[in-house]
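A.B. asks: Below is a structure I'd like to ask you about.
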Amino acid sequence: MNPKNTSSGIMSAELASLSRTVVSCRLCPRLVRYREDVARTRKREFADWTYWGRPVPGLGDPQAELLIVGLAPAAHGANRTGRMFTGDSSGRWLFRALHRAGFANQPASEHRDDGLQLSNVYITATVRCAPPDNRPAPREIVTCARYLRSELELLTRVRVILALGQVAFTHILALAAERGFVVPRPRPKFTHGASYVLPSAAGDTLRLIASYHPSRQNTQTGKLTEAMLDAVFTDARRLLGELVRG
């Protein structure tokens, strides 16, 4: 989040190295047990799949100015496919929106070799292993934070962060403060579509956008609609354009 004279090739190599570290992680015993149990038992719908069953690294453009942060891999989504938001209903909503906004070359992603390409966006998560009931424990979030910290260090061009869900929103605020960005007072509230300016003493500015997570709980109840998700990406585009002009 601080500009450097770092080439895309070097950043790609460093992100690839970080991805290998993430994939080999076994720091949280409860998450290790769960992700591997799910991979062994599988779901009838995916009985012919060989599940990934490991932590899931981030993906996207090393030169990205937009960072998307979710909660964690889905048990039968990214824990199955090995790619964040790939192969589940949340991902279908997210990739359709990314495609409509011009950040993705196709509107769907079902497996790691499906040709998906992301432009000016990087996708990651607060926790890298699928948690039971989609609820990582506070200690697991703290333990896994090292990987998002490293991504924020390597993704030097990020200027806008889209937090999908309140957990990701709260986590990003804490990490931004660690990196010297000023969190406004009163503390920003998680409200869908809200955006906040986080300045730093070094003269950098980070914009944080809050969005409901495109989980079935939100999309099937109408709490989050495609129009609402599109509006969030329209705002992200607008903010990126303003930062360029500024």
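Nothing in this text is a laboratory measurement; each read-out follows from the coordinates by a stated rule. None of the values given here were measured: they were computed from a predicted structure. Using ideal geometry, Cβ is built from the backbone for each residue, glycine included, and neighbour counts are taken over all protein chains shown.
A.B. asks: Once you keep just the Cα pairs under 8 angstrom separated by 6 or more residues, what percentage relative contact order results for the chain?
C.D. replies: Contact order relative to length: 21 percent.
A.B. asks: Mind listing the phi-derived Karplus ³J(HN,Hα) values for region 93-101, rounded to whole Hz, using 6.51, -1.76 and 1.60 with θ = phi - 60°, and x for any glycine or proline?
C.D. replies: 5, 5, 6, 4, 5, 4, 5, 5, 8
A.B. asks: Ranked from highest to lowest mean number of other Cβ atoms within 10 Å per residue, what is the order of the peptides 118-131, 197-210?
C.D. replies: Details: 118-131: 23.7, 197-210: 16.5.
My ranking of the peptides, most packed first, is 118-131, 197-210.
A.B. asks: Mind listing the long-range amide H neighbours of Ala125? Cut-off is under 5 Å, sequence gap 5 or more, other chains count too, H placed in the peptide plane at 1.01 Å from N.
C.D. replies: Gly70
A.B. asks: Tabulate in residue order the Karplus-calculated ³J(HN,Hα) for region 66-76, using 6.51 cos²θ - 1.76 cosθ + 1.60 with θ = phi - 60°, rounded to whole Hz; enter x for Gly and Pro.
C.D. replies: Result, rounded to whole Hz: 10, 10, 10, 10, x, 8, 6, x, 7, 4, 10.
A.B. asks: Then there's this: Which one, (1) 63, 39, 37; (2) 43, 40, 31; (3) 52, 36, 36, gives Cα extents along the principal axes in Å as derived from the coordinates shown?
C.D. replies: After the calculation, the listed value that fits is (3).
A.B. asks: Now for a separate question. So what are the ³J(HN,Hα) numbers for region 131-136, from phi and the Karplus equation (6.51, -1.76, 1.60; θ = phi - 60°), rounded to whole Hz, Gly and Pro as x?
C.D. replies: x, x, 6, 6, 10, x
A.B. asks: A follow-up question, please. Quick check for me: using +1 on Lys/Arg Cβ and -1 on Asp/Glu Cβ, what's the dipole size of the chain about its Cα centre, in debye to the nearest 20? The partial results should precede the final answer.
C.D. replies: Numbers: 34 positive and 21 negative charges, 115 e Å.
Value, rounded to 20: 560 debye.
A.B. asks: I would also like to ask the following. With +1 on the Cβ of every Lys and Arg and -1 on the Cβ of every Asp and Glu, and nothing else charged, how large is the dipole of region 180-246 about its Cα centre, in debye rounded to the nearest 20? Spell out each step's value before the answer.
C.D. replies: Working: 9 positive and 5 negative charges, 43 e Å.
With only Lys, Arg, Asp and Glu charged at Cβ, the dipole is about 200 debye.
A.B. asks: If I fit a long axis through the Cα atoms of helix 29-41 and take the longest principal axis of the Cα atoms of the chain, what angle between them do I get, 0 to 90°, rounded to 10?
C.D. replies: Roughly 50 degrees between the two axes.
A.B. asks: Which part of region 38-68 falls in the paramagnetic zone of Asn134, meaning amide N under 13 Å from the point 7 Å along Cα-to-beta-carbon?
C.D. replies: No residue qualifies, since no backbone N sits under 13 Å from the label point.
A.B. asks: Kindly express, to the nearest 10 degrees and within the range 0 to 90, the angle between helix 138-154's C-alpha long axis and the longest C-alpha principal axis of the chain.
C.D. replies: Compared with the principal axis, the helix lies near 60 degrees.
A.B. asks: Nearest 20 debye, what's the magnitude of the dipole of region 46-140 about its Cα centre given +1 on Lys and Arg Cβ and -1 on Asp and Glu Cβ? List each step's numbers first, then the result.
C.D. replies: Details: 10 positive and 9 negative charges, 36 e Å.
Dipole magnitude for region 46-140 comes out near 180 debye.
A.B. asks: Where Lys and Arg each count +1 and Asp and Glu each count -1, what net charge lies around Thr41 among other residues with Cβ under 15 Å from its Cβ? Intermediate results must be reported in sequence, preceding the final value.
C.D. replies: On the way: positive: Arg33, Arg35, Arg40, Arg42, Lys43, Arg44, Arg80; negative: Glu36, Asp37, Glu45, Asp48.
Local net charge: +3.
A.B. asks: For a protection proxy built on the mean count of beta-carbon atoms within 10 angstrom, sort 180-192, 58-70, 222-234 highest first, please.
C.D. replies: On the way: 180-192: 12.8, 58-70: 23.4, 222-234: 15.6.
So the order, starting with the most tightly packed, is 58-70, 222-234, 180-192.
A.B. asks: Right, next: What full-extension length gain, to one decimal in nm, is calculated for Arg30 and Ala174 as 0.36 nm per residue of separation minus the Cα-Cα distance? Each step should come with its number before you reach the end.
C.D. replies: On the way: separation 144, 0.36 × 144 = 51.84 nm, distance 2.43 nm.
That works out to 49.4 nm of additional length.
A.B. asks: Sticking with this one: Cα axis of helix 166-178 to longest principal axis of the chain: angle in degrees, 0 to 90, nearest 10?
C.D. replies: 50 degrees
A.B. asks: I've got another one for you. Per DSSP H run of at least 4 residues, take -39500 (n - 2.57); add these up for the chain, divide by its residues and hand me the 222 nm value, nearest 500 deg cm²/dmol.
C.D. replies: Numbers: 8 runs with 99 residues, N = 246.
Helices in the chain give a 222 nm mean residue ellipticity of -12500 deg cm²/dmol.
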